[in-house]
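Asker: My structure is below; once you've seen it, I'll send some questions.
Read-outs: derived from the displayed coordinates by stated rules, not from any lab. The structure presented is a predicted model; accordingly, all values stated were derived computationally and were not measured. Here the Cβ is made from the backbone with ideal geometry for all residues, glycine too, and neighbour counts use every protein chain on show.
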Amino acid sequence: MKGEYLLLLLGLPFLSAYLDAVRANFQHGADFAASGTTIQHVDGKLYGGGLNPLSLDVQLSQFEAIKEQASELYAQDNAKNRLPRIEDFSKALYTFDIGQNDIHHALATSTVDEVRELIPELINQFALAIKARTFWIHNTGPIGCLPYLLLKYPPKPGNVDEAGCIKSYNEVAKEFNRQLKSRISELQAQLHDSLLVYVDIYSAKYSLISESKKYGFVDPLGYCCKHAGNSSLRCWRKNTVNGTAVYATPCSNPSEYISWDSIHYTEAANRWVANQISDGSLSDPPVPLTRFCTKSNLQRIT
């Protein structure tokens, strides 16, 4: 959702999803994002169930496919209004927002120390995807502040930070971000013809959570869409009461919540984060988003 609000700020249309390719228009770029995706390939052995098989390697294959199709079909009159020009690929801004699902699932199945040991492998696999010219790369957010994890793994008193989040989980996210930034710095020195921008999403989100009242949000560690009287049920799952299916009920004031369903942010929160990062003040180098793509194409991989 942050990506969609960044597009609104730039005055560009939303990107068509790659998997909705029958009627899609990819002239301004493509969206390869999918819920539950990971950096590492989901093979059932490492992660088990619950994650999307469209991991980063699969999304990169999808990108290569659309690039090949554009090259083959652009000359056809009926494709020109739906596909980017082949020269647009080298000029496009490629955005990445990935890694939190890897950390989230690893924390649910391993110890914190084991998750820390996994981080270098995640960073190495992510770095292999850096092949284009201009990248807008988000670090991962404060995972220890997700209401879902706070409810499922209530922290002990000594493991709570000043915002009420799980301190050890946030430390894992910070370590991931530290290694990610370090690798991006190395790549910046190696890829002289590329521009890699590291975007500190963590700081934006943590500021929103820790100062929520200042920005007009209530209950920063709560969430909007839930089943009344049963916090163990997620927003996307139905409950059965006396043989009748009962679905979650959204709150009456979703724009005042940071979390929509205990994992994903609300539209209002995503809009706030997008506004914070678009001017480049949380980026390294501090380049505003408008420098890249006011009139250019986007490709988003998440």
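Asker: Applying 1/(1 + (r/R0)^6) with R0 = 35 Å to the Cβ-Cβ distance of K91 and E175, what FRET efficiency is obtained, to the nearest 0.05?
Answerer: 0.55
Asker: Let me check I've understood the local charge: for C225, count other residues with C-beta under 13 angstrom from its C-beta, Lys and Arg +1, Asp and Glu -1. What total comes out? The partial results should precede the final answer.
Answerer: Values: positive: K226, R234, R237, K238; negative: D261, E267.
Surrounding charge for C225 is +2.
Asker: Taking 0.36 nm per residue of separation and subtracting the Cα-Cα distance, what length does fully extending S61 through T109 add?
Answerer: Working: separation 48, 0.36 × 48 = 17.28 nm, distance 2.83 nm.
Contour length minus the Cα-Cα distance gives 14.4 nm.
Asker: Also, quick follow-up: Quick check: net charge around D113, other residues with Cβ under 12 Å of its Cβ, Lys/Arg +1 and Asp/Glu -1?
Answerer: Around D113, the charge tally is -3.
Asker: Quantify how much of the Cα-Cα distance distribution of segment 169-280 extends past 16 Å, in percent. Could the numbers behind the result be given before it?
Answerer: Working: 4237 of 6216 pairs.
It works out to 68 percent of all Cα pairs.
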